[in-house]
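Chemist: One structure is given below, represented as structure tokens, and several questions about it will come after.
Readers should treat all values here as calculations from the given coordinates under stated rules, not as data from a laboratory. Since this is a predicted model, take the numbers as computed values, not measurements. When we count neighbours, we look across all protein chains shown, and the Cβ atoms used for this are built from the backbone with ideal geometry, even at glycine.
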Amino acid sequence: MTDNHEEWSFETSLLHNKHKVDPATGAVSVPIHHASTFHQFEVDHFGKYDYSRSLNPTREALEDIIAELEDGTKGFAFSSGMAAISTAFLLLSAGDHIIVTEDVYGGTFRMVTTVLNRFNIEHTFVDMTDLDSIKAAAKPNTKAIYMETPSNPLLKVTDIEAVCSFAKSIGAITYVDNTFLTPALQKPLNLGADIVLHSATKFLSGHSDVVAGLAAVKDPELASRLGALQNSFGAVLGVQDCWLVMRGFKTLSVRMKHSQDGAAKIAAYLEKHPLVKKVHYPGLPGHPEYSIQQKQSKGAGAVLSFELENEEVFRSFVDHVTLPVFAVSLGAVESILSYPAKMSHAAMPPEEREKRGITNSLLRLSVGLENPDDMIKDFSLALEKSKAAAEGLTIK
Ligand SMILES: *Cc1c(COP(=O)(O)O)cnc(C)c1O
């Protein structure tokens with residue numbers, strides 16, 4: 001059979017990629033190679049595989065697939081999203097300066113502010129939606145710009161192409177954390193980014209059953225530097241988990257589509273509710289960067305956040321809502337409601353959080369595969385029961 005996989009659409013290539021069939025056995029699932037080491041048949045010529053930290057066939061399959069899905073040339077699988085991000089930061093050297101999205105993921109914030117700083121890598125947090133403040137933050141030693149879009153948890157949207165083109169003009173590399181949208185909706189490498197990063201723990205695997213990280217790059221020279229760092233740092237993904245991520249890939253497109261449709265419906269519902277102060281979702285026409293989101297991605301994704309009238313309403317709502325799990329994380333088959341101030345952003349000092357708009361009555365919702373009408377029913381009942389907590393307040 002000929003292999004036409006380069007011609008297929010994204011949805012089809014999730015299933016019909018070069019690892020669809022195991023060439024040795026015909027198995028329609030990538031074999032899990034538990035070997036840590038590989039026999040060498042010749043004393044002078046070692047085979048492709050020698051030791052699994054450096055390369056393992058199961059991990060290689062996952063790395064090939066993420067590279068292909070992101071339109072890169074090389075992919076890398078790590079033991080967590082933070083392992084991917086931290087390893088990619090090791091491309092920097094002492095004396096470098098980086099510009100980072102101000103409402104970046106809490107773990108990335110911790111890495112930048114408590115680890116990189118000890119290695120004399122300076123940082124400036126900026127509002128990545130504002131090109132002028134990015135330009136103002138640039139210094140002669142600025143070596144990288146780190147984006148996360150839509151951002152977490154306020155769903156601010158960065159114009160990836162504009163930031164990448166500015167970065168190129170000052171000789172800085174660009175990172176994009178693409179966890180929220182996945183290549184099903186957004187492909188940063190095609191917008192000029194150098195390195196795309198993922199917590200594959202989220203939408204890519206999609207079932208709340210694995211912790212994993214991925215990276216993909218286009219440039220072969222950058223790929224070889226990142227590969228050397230992956231091997232040196234050694235935070236590679238185990239083979240069982242590689243397999244789970246690859247299984248998740250197969251349903252990525254249908255999951256994203258269903259969850260995104262649900263998120264749009266729920267966001268529109270919340271926007272009209274009198275106890276909801278603000279809804280952050282880049283798929284709402286009123287979102288400040290709605291048009292940028294439309295331009296650079298195929299959709300707004302399945303994560304939204306909303307601020308309730310006050311902390312009492314927030315507490316009562318969380319007490320009464322029944323469908324979503326109340327937990328950290330996102331991007332799963334079940335809807336996940338989380339409390340950024342105490343969960344993903346707990347590592348951020350309270351003053352910093354408030355300054356960034358991550359208040360104590362802000363909730364983040366990752367929409368799963370439930371029927372969105374059931375979610376709306378559940379939310380309506382919980383909000384109805386929370387009305388008492390809002391008593392004495394002006395209801396809009
Ligand atoms: C969860 C997450 C991370 C960290 O990934 P882990 O797999 O938990 O290490 C990084 N970025 C974003 C946007 C995330 O949601």
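Chemist: Throw me the Rg/Rh for the stretch 252-390, computed over C-alpha atoms with Kirkwood Rh, two decimals.
Modeler: 0.95
Chemist: Using packing as a proxy for protection, rank 228-241, 43-56 so that the peptide with the highest average count of other Cβ atoms within 10 Å comes first.
Modeler: 228-241, 43-56
Chemist: With each pseudo-label sitting 7 Å past Cα toward Cβ, what's the Glu334-Asp44 distance in nm, one decimal?
Modeler: The modelled label-to-label distance comes out at 6.0 nm.
Chemist: Here is a further query. At a Cα cut-off below 17 Å, give the aspartates and glutamates reachable from Lys257, other chains included and same-chain residues fewer than 8 away excluded.
Modeler: Glu11, Glu334, Glu370, Asp373
Chemist: When Ile121, Ile160 are ordered from fewest to most other Cβ atoms inside 10 Å of their Cβ, what list results?
Modeler: By the 10 Å Cβ count, ascending: Ile121, Ile160.
Chemist: Under a 10 Å cutoff between Cα atoms, tell me which one of Ser316, Ser199, Ser29 has the largest fluctuation in the Gaussian network model of the chain.
Modeler: Checking each option, the largest mean-square fluctuation is seen for Ser29.
Chemist: Another question, then. Which loop-located trypsin sites (Lys or Arg not before Pro) does the stretch 196-264 contain, where loop means any DSSP state but H, G, I, E or B and the Cβ has at most 12 other Cβ atoms within 10 Å?
Modeler: Filter output for the stretch 196-264: empty list.
Chemist: Ok, one more. For every helix of n ≥ 4 consecutive DSSP H residues, a contribution of -39,500 (n - 2.57) applies; sum these over the chain, divide by its total residues, and give [θ] at 222 nm rounded to the nearest 500 deg cm²/dmol.
Modeler: Value at 222 nm, helices only, nearest 500: -10000 deg cm²/dmol.
Chemist: Based on the alpha-carbon gyration tensor of the chain, what equivalent-ellipsoid semi-axes (square roots of 5 times the eigenvalues) come out, in whole Å, largest first?
Modeler: 37, 26, 18
Chemist: Then there is this: What's the magnitude of the charge dipole for the chain around its Cα centre, counting Lys and Arg as +1 and Asp and Glu as -1 at the beta-carbon? Answer in Debye, nearest 20.
Modeler: Dipole of the chain, to the nearest 20 debye: 400 debye.
Chemist: Listing Ile145, Ile376 from the residue with the fewest other Cβ atoms within 10 Å to the one with the most, what is the order?
Modeler: Ile376, Ile145
Chemist: Residues of the stretch 183-210 with the amide nitrogen closer than 14 Å to a label point 7 Å from the Cα of Ala347, along Cα-to-Cβ, please.
Modeler: Only 199 fall inside the zone, counting backbone N under 14 Å.
Chemist: Going down the table (Lys218/Lys355; Lys278/Lys387; Lys139/Lys295; Lys135/Lys277; Lys168/Lys295; Lys156/Lys387), which pairs top 26 Å between alpha carbons?
Modeler: Lys218/Lys355; Lys139/Lys295; Lys135/Lys277; Lys156/Lys387
Chemist: Using Cβ counts within 10 Å as a stand-in for footprinting exposure, how do Cys242, Cys164 rank, fewest first?
Modeler: Cys164, Cys242
Chemist: Could you tell me the distance between the Cα centroids of the stretch 281-328 and the stretch 164-238, to the nearest Å?
Modeler: Computed from Cα coordinates, the inter-centre distance equals 25 Å.
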